[in-house]
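Chemist: Please read through the structure below; I'll follow up with questions.
Computed from the coordinates by the stated procedures, all read-outs in this text should not be read as laboratory data. Fair warning: this is a prediction, and the values are worked out from it, not measured in the lab. Positions of Cβ are backbone-derived with ideal geometry, glycine not excepted, and every protein chain shown enters the neighbour counts.
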Amino acid sequence: MTVQVLRAGSRFVTHGDGVVSRHSFSFGQHYDPGNVGFGLLVVANDDVVPAAGDGYPEHPHRDVEVVTWVLSGALSHRDTAGHSGLVVPGVVQRMSAGRGVRHSEVAAEGPLRFVQMWVPPDAAGREPSYGQADVTAGLAGGGLVPVVSGLRRHANDVPVSLGQRAAAMHVGRLAAGATVTLPAAPFVHVYVARGSVEMESAGRLDDGDAVRLTDEGGRLVRPVAAAELVVWEMHTAAAP
């Protein structure tokens with residue numbers, strides 16, 4: 001059982017054309033052989049796009065599940081499989097690249113800040129697919145809510161399905177004074193998307209901090225002030 005805290009200031013940073021991206025793991029020109037992923041999570045980027053119209057022009061993906069969570073602004077998505085969507089705070093988006101797809105992601109309204117995360121699918125070569133859902137109402141209760149999942153226990157009630165049967169992403173908008181319990185799994189990744197929290201055995205975590213838990217479950221998290229968490233529950237690790 002391990003608890004690894006990673007501070008926001010320790011993340012790799014890429015300054016692109018109209019985008020500033022902060023990476024939890026090795027990405028692009030940033031490579032650390034000891035930090036290429038955690039569990040099934042191989043990318044976790046926190047991106048800021050200051051101006052509308054900027055972002056990522058059309059680019060390819062293959063055999064990856066791409067999950068996007070917007071914190072402010074609005075993101076416009078289009079892909080070559082014919083899918084499009086406007087993603088705003090409270091809306092979760094999943095693109096399954098399958099056997100290959102190209103897509104673009106630009107700020108429809110800026111400043112745009114979003115967290116984008118990638119996990120491998122449990123089978124390669126599928127048809128590309130797309131899903132999104134407004135989960136605002138579900139988050140109003142203040143608990144951790146599964147918003148994207150491939151886990152069997154979520155098969156009938158998760159807003160957006162995931163092409164990976166061993167993973168789920170939960171989001172929590174925590175009001176001051178609330179307490180939530182993290183899911184139990186071999187790998188749990190907690191990202192503080194905004195605000196500050198106190199986590200049992202990890203201490204205070206602020207905006208941009210992350211915690212990687214292995215073989216853990218049941219840890220309590222309490223917001224210091226209003227906070228938003230993105231939590232991945234993973235029951236296996238990505239193949240090397």
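Chemist: Here's a check for you: in region 73-89, which residue that is in a loop (DSSP other than H, G, I, E, B) and over 19 Å from the mean Cα position of the chain (by Cα) is surrounded by the fewest Cβ atoms within 10 Å (Cβ to Cβ)?
Modeler: Across region 73-89, the extreme among qualifying residues is Gly82.
Chemist: Another question, then. Report, by residue number, each residue of region 157-185 that is within 21 Å of Val70 (Cβ to Cβ) and without any contact (Cβ under 8 Å) to a residue 24 or more places away in the chain.
Modeler: Val158
Chemist: Would you tally the residues in region 186-218 being without any contact (Cβ under 8 Å) to a residue 40 or more places away in the chain and part of a loop (DSSP other than H, G, I, E, B)?
Modeler: Result for region 186-218: 4.
Chemist: Asp157 is checked against (1) more than 20 Å from Gly37 (Cα to Cα); (2) touching a Ser or Thr at 6+ places or on another chain (Cβ under 6 Å); (3) not in a strand (DSSP E or B) and fails just one. What number does that condition carry?
Modeler: Every listed condition holds for Asp157 apart from (2).
Chemist: Can you name the condition, by its number, that Pro111 falls short on among (1) under 14 Å from Val48 (Cα atoms); (2) surrounded by 19 or more Cβ atoms within 10 Å (Cβ to Cβ)?
Modeler: (2)
Chemist: If we keep just the residues of region 219-237 that are among the aliphatic types (A, V, I, L, M) and either under 17 Å from Ala168 (Cβ atoms) or in a strand (DSSP E or B) (or both), which is farthest from the chain's Cα centre (by Cα)?
Modeler: So the residue we want is Leu220.
Chemist: Could you count how many residues in region 132-159 are within 20 Å of Tyr56 (Cα to Cα) and surrounded by fewer than 19 Cβ atoms within 10 Å (Cβ to Cβ)?
Modeler: Of the residues in region 132-159, 0 are within 20 Å of Tyr56 (Cα to Cα) and surrounded by fewer than 19 Cβ atoms within 10 Å (Cβ to Cβ).
Chemist: Residues in region 1-41 that are outside any strand (DSSP E or B), buried (at least 18 other Cβ atoms within 10 Å of the Cβ) and within 16 Å of the chain's Cα centre (by Cα): how many?
Modeler: Qualifying residue count, region 1-41: 6.
Chemist: What pairs come up if the first residue lies in region 80-104 and is closer than 22 Å to Pro120 by Cβ, the second is among the acidic types (Asp, Glu), and their beta carbons are under 6 Å apart, counting only those six or more places apart or on different chains?
Modeler: Sorted first by the residue in region 80-104, then by its partner, the pairs are Ser96/Glu65; Gly98/Glu127; Val101/Asp79; Arg102/Glu58; His103/Asp79.
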